[in-house]
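> Starting off with a structure, shown below.
The values are calculated or read from the model by the stated rules, or taken from the named source; none is laboratory data. Everything quoted here is computed from the prediction, not taken from an experiment. Here Cβ is always computed from backbone atoms with ideal geometry, including for glycine, and neighbour counts include all displayed protein chains. Just the protein is used for accessible areas: all its heavy atoms, side chains included, with ligands, DNA and RNA removed. Shrake-Rupley method; radii C 1.70, N 1.55, O 1.52, S 1.80 Å.
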Amino acid sequence: MTTQTDIPPAETGGGRRSWLREHSELGVCVLLLALGVLVLTDALTMDVDIAQRGPVGPKTVPIVVGAGLLVIAALLAVDVLRGGRGQAETGEDVDLSEPADWRTVLLLAGVFLGAAVLIEPLGFPVAGALLFWGAAYALGSRRIDRDPLIAAGLSLVTYTVFNNLLGVPLPGGPLMGVL
């Protein structure tokens, strides 16, 4: 008569658990596969008016990205099943014994949400400048004489590039007639 201790680990499920632990990167493969299928499904079911599309069309980039995700998922799965493993982070300059800096995280989240709320009434140039300035402050910059000017310039350049060069309309707010 055999007891539970006489059965090898592969037969008790411990072997399966250790195999999954050794091949945990397959979870990333499944995520990439699902994301690729989602992107391809959305791209292929997209309604496109033939008169609105240019030489490339709006479906091209999502199809390329979705196919790329599927190829990367397959190549990563083959590598993992052949014994490949990701390298541990050695160059990270993070002291894991120190607690997380929740003040910075909450300041950044507040600045981001504030910019999202203010973008419609104030427009992107003003909300973007507040976003860039607030992010710089949250991350430790205390140059009150320089940071607002850099934030305003960066916001105006971003607005101009998206609105005028790329043709992506951003809300201008009160500055709509000026810019």
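> Using a 1.4 angstrom probe on the protein heavy atoms only, line up F124, F132 by accessible area, largest first.
Values: F124 35, F132 65 Å².
Ranked from most to least accessible, the order is F132, F124.
> Going highest first, how would you order 62-69, 163-170 by mean Cβ packing within 10 Å?
Order by mean packing, descending: 62-69, 163-170.
> Further, regarding this structure: Can you put M46, M176 in order of accessible area, largest first, using a 1.4 Å probe? Mind showing how you got there, number by number?
Working: M46 65, M176 105 Å².
Of M46, M176, the descending order of accessible area is M176, M46.
> Further question: Of all the accessible heavy-atom surface of the stretch 96-179, with the other protein chains kept in place and a 1.4 Å probe, what percent is carbon and sulfur?
Numbers: 4180 of 5620 Å².
Summing carbon and sulfur atoms, their accessible area is 74 percent of the total for the stretch 96-179.
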